[in-house]
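The values are calculated or read from the model by the stated rules, or taken from the named source; none is laboratory data. Because the structure is a prediction, the values reported are computed rather than measured. Here the Cβ positions follow ideal geometry from the backbone for every residue, glycine too, while neighbour counts run over all protein chains shown. Ligands, DNA and RNA are stripped out before the accessible areas are found, and what is left, the full protein with its side chains, is counted by its heavy atoms. Shrake-Rupley method; radii C 1.70, N 1.55, O 1.52, S 1.80 Å.
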Amino acid sequence: MLDIVFSASALGALKVGIPLRERAVRQAVALESALSVGDISEGVPGPGREAALRAFLAPAEGAQRSAQLAQKLVEKTRSALNTVLDCARRGESLRIWYSHNPDELCGLCWLMDRLRPFSDPDLTTVGLPPYQQRKDGTVVVYNGWGEVVSESWEALSSFGERPSPALRLAWATKWEALQRENAPLRAVINHRLISVEEDFYDPFLRWELARMPTEFSQALLLGHTLGKYQLGISDALLAGRVEEWVRNGELEVLSPPAAGEILYRRTLRKKA
């Protein structure tokens, strides 16, 4: 069996969570290319996806590091996709773990489009449930598989199901529609994946910005926004929006981040 996830963090947790007795017969790959952001006109990640990832990562990582990371992500995704397609050709079992956060749902729809040539693949999809109630009575809500602790994966695998041909086609067709629209961003509203403008998440940031003092930590602003609203998106996406406000003069940089730190670990000031 080949397990398929859509982030490096999910891949790490899954590999640890695989029971020892099964590790010899199970492989796992991550198709991580942040398909909720930027140009998605390419069928297989290439120069266009690499450029989109560079732009997406730059406000957090800087130009040089974002270029390196973007190249690595595209290379890893292409290699992982080849592994998936090879397994499908051989008739091996595929299991896709997805949630309703934008990157994972985009990844699912994109992958279904890539699997169209296979009329009846041995395929299972595991949708992350809205919540998990543990034996101690604790209720845990996740934003994506990257947040699920390793020991919970096997229990949650019980949510796996074999999607019908009609459902597989619906997911693939959705990706075709999103490609035609090719919006700056894709978001999930009421469990539906839709194209939106790049400022879609601005209201959440602005609500938290209004609560900040005149001088504030950008990292704190991002952390409060992600923690409070549970948007299921990357801090890099919000960092890009704040960077736009710095460029247009709405915010001023008071102190840069320390050497080697992520770029948004800096102090900003609101303009009067």
So how far apart, in nm, are the two label points at R65 and Y229 if each is 7 Å from Cα heading toward Cβ?
2.5 nm
Can you list residues from other chains, or at least 5 along the same chain, whose modelled amide H is less than 5 Å from the amide H of A28?
D3
What figure in square angstrom, to the nearest 10, would you give for the accessible area of V74 with a 1.4 Å probe?
10 Å²
Under-5 Å amide H pairs with S93, H placed in peptide plane, nonlocal only
L2
Under the definition of Cα pairs under 8 Å and six or more residues apart, what whole-number percent is the relative contact order of the stretch 1-122?
31 percent
Amide H of V196 versus every other amide H placed in the peptide plane: which residues, excluding those fewer than 5 positions away on the same chain, fall under 5 Å?
L185, R186, A187
Can you give me the solvent accessible area of F204 with a 1.4 Å probe, rounded to the nearest 10 Å²?
50 Å²
Can you list the GluC sites (Glu not before Pro) in the stretch 47-156 that are in a DSSP coil and have 16 or fewer other beta carbons within 10 angstrom?
E92
Leaving ligands and nucleic acids out of the surface, order H191, H100 by accessible area at 1.4 Å, largest first.
H191, H100
To the nearest 0.05, what FRET efficiency results for Q133 and Q27 with a Förster distance of 41 Å applied to their C-beta separation?
0.85
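How much net charge surrounds A177 when only the other residues with a Cβ under 13 Å from the Cβ of A177 are counted, with Lys and Arg +1 and Asp and Glu -1? Each step should come with its number before you reach the end.
Details: positive: K174, R180, R186, R192; negative: D113, E176, E181.
Local net charge: +1.
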Counting only protein heavy atoms and a 1.4 Å probe, tell me what percentage of the chain's accessible area is made up of carbon and sulfur.
51 percent
Order by protection proxy (mean Cβ within 10 Å, highest first), peptides 63-70, 10-17:
10-17, 63-70
Accessible area per residue, Å², the chain with all protein chains present, probe 1.4 Å:
49 Å²
Sort T125, T173, T214 by accessible area with a 1.4 Å probe, largest first.
T214, T173, T125
Using a Gaussian network model on the chain with a 10 Å cutoff between Cα atoms, which of I18, I189, I233 fluctuates the most?
I189
Round to the nearest 10 and report in Å² the accessible area of S255, as given by a 1.4 Å probe over the protein chains' heavy atoms.
40 Å²
Label-point separation, A155 to E197 (7 Å along Cα→Cβ), nm:
4.4 nm
In whole Hz, what ³J(HN,Hα) sequence does the stretch 212-220 give by Karplus (6.51, -1.76, 1.60; θ = phi - 60°), x for Gly and Pro?
7, x, 4, 10, 8, 7, 4, 4, 5
On alpha carbon coordinates alone, what is the Rg over Rh value for the stretch 106-162, Rh being the Kirkwood radius?
1.06
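How much length is gained if the chain between V141 and A166 is pulled fully straight, taking 0.36 nm per residue apart and subtracting their Cα-Cα distance, in nm to one decimal? Each step should come with its number before you reach the end.
Numbers: separation 25, 0.36 × 25 = 9.00 nm, distance 2.94 nm.
Going from the current span to full extension adds 6.1 nm.
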Rounded to the nearest 500, the 222 nm mean residue ellipticity computed for the chain from DSSP H runs (n ≥ 4, each -39500 (n - 2.57)) alone is -14000 deg cm²/dmol
Sequence order, the stretch 9-16: Karplus ³J(HN,Hα) from phi using 6.51 cos²θ - 1.76 cosθ + 1.60, θ = phi - 60°, Hz rounded, Gly and Pro as x, gives 5, 5, 4, x, 5, 5, 4, 5
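Give the shape of the stretch 124-272 as rounded, prolate or oblate, defined through the alpha-carbon gyration tensor: a ≥ b ≥ c are the square roots of its eigenvalues, a/c under 1.5 means rounded, and otherwise the shape is prolate if a/b is larger than b/c and oblate if not.
Values: a/c = 2.77, a/b = 1.59, b/c = 1.74.
It is oblate, given that a/c is not under 1.5 and a/b is not larger than b/c.
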For the stretch 184-200, Karplus-derived ³J(HN,Hα) couplings (6.51, -1.76, 1.60; θ = phi - 60°; whole Hz; x for glycine and proline) come out as x, 7, 10, 10, 10, 10, 6, 6, 10, 8, 9, 7, 9, 7, 5, 9, 4
